[in-house]
1. State yes or no: is D36 within 22 Å of I9 (Cα to Cα) and in contact with a helix residue (DSSP H, G or I) (Cβ under 7 Å, 6 or more places away or on another chain)?
2. Scanning the range 83-100 for residues that are open to solvent by 80 Å² or more (accessible area, probe 1.4 Å) and at pLDDT 90 or above, which turns out nearest to L69 (Cα to Cα)?
3. So D36 passes all but one of these: (1) open to solvent by 50 Å² or more (accessible area, probe 1.4 Å); (2) more than 28 Å from A116 (Cβ to Cβ); (3) in a helix (DSSP H, G or I). Which condition number does it fail?
4. Test of understanding: among L69, L60, which residue is closer than 27 Å to A101 by Cα, in contact with a Phe, Trp or Tyr (Cβ under 8 Å, 6 or more places away or on another chain), open to solvent by 40 Å² or more (accessible area, probe 1.4 Å) and among the hydrophobic types (A, V, I, L, M, F, W, C)?
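The values are calculated or read from the model by the stated rules, or taken from the named source; none is laboratory data. Just so it is clear, the structure is predicted and the values come from calculations on it, not from any experiment. Every residue, glycine among them, receives a Cβ derived from its backbone with ideal geometry; neighbour counts consider all protein chains shown. The area values use the complete protein model at the heavy-atom level, side chains included, leaving out ligands, DNA and RNA. Shrake-Rupley method; radii C 1.70, N 1.55, O 1.52, S 1.80 Å.
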Amino acid sequence: CGEAVARIIGPEFNEPGLRFQSLSHDEFLEQLSSADAFVSHPGLYAVFEAVLGGVPTALLPASNYTQILQLRHYRRVGLADYSFSWEDLGLAPILSGLPEAEGVRLTIRQIKEAQADAACASQLRFTLRRFFDLEPAVLNELGLRQRRIGSQFGNDGPAEAAGIIEKWFEDSNP
């Protein structure tokens, strides 16, 4: 995460085995290769780098419109057992296929609504806690299963996966 996020989130989960820090991409890949687990926004590159590396991955709520669409795709293909969407708590769903500006506007409104609701923060903490409390063998199996699913999009890294997902979006959302 970025340095500002690390300063905010770090104290919230200040427990043995958890560390929040800002890394360059190369440093990130090095740390990821030895990570027991990974928590990320539902973007494309970091998630696929983790999944293809067999690192068990949990997904935070989307912070932009593209991530909302991506999280839905991850859930459809089975990569997001431990994920959280504000829509899970009954906030109004944001439709797929919107013009980008409209999707962004609705996403910002949804995030503001979630931030004002204590139940949203509580449910997010609960979801993360469930993931962090998994036994090592269960985490390992989750990572292997996510890797099998992720490899269906190609084993040559996130760029190949991005092309396949982009084609999927084009085909399903003309």
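1. The answer is yes for D36.
2. The extreme case among them is L95.
3. Unmet condition: (3).
4. On the way: L69 fails: open to solvent by 40 Å² or more (accessible area, probe 1.4 Å).
Matching residue, one of L69, L60: L60.
To keep it simple, each residue is scored yes or no on (1) among the basic types (K, R); (2) at pLDDT 90 or above; (3) in a helix (DSSP H, G or I).
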| position | (1), (2), (3) |
| --- | --- |
| V5 | no, no, yes |
| I9 | no, no, yes |
| E15 | no, no, no |
| R19 | yes, no, no |
| L23 | no, no, no |
| P42 | no, yes, no |
| V55 | no, yes, no |
| T66 | no, yes, yes |
| Q70 | no, yes, yes |
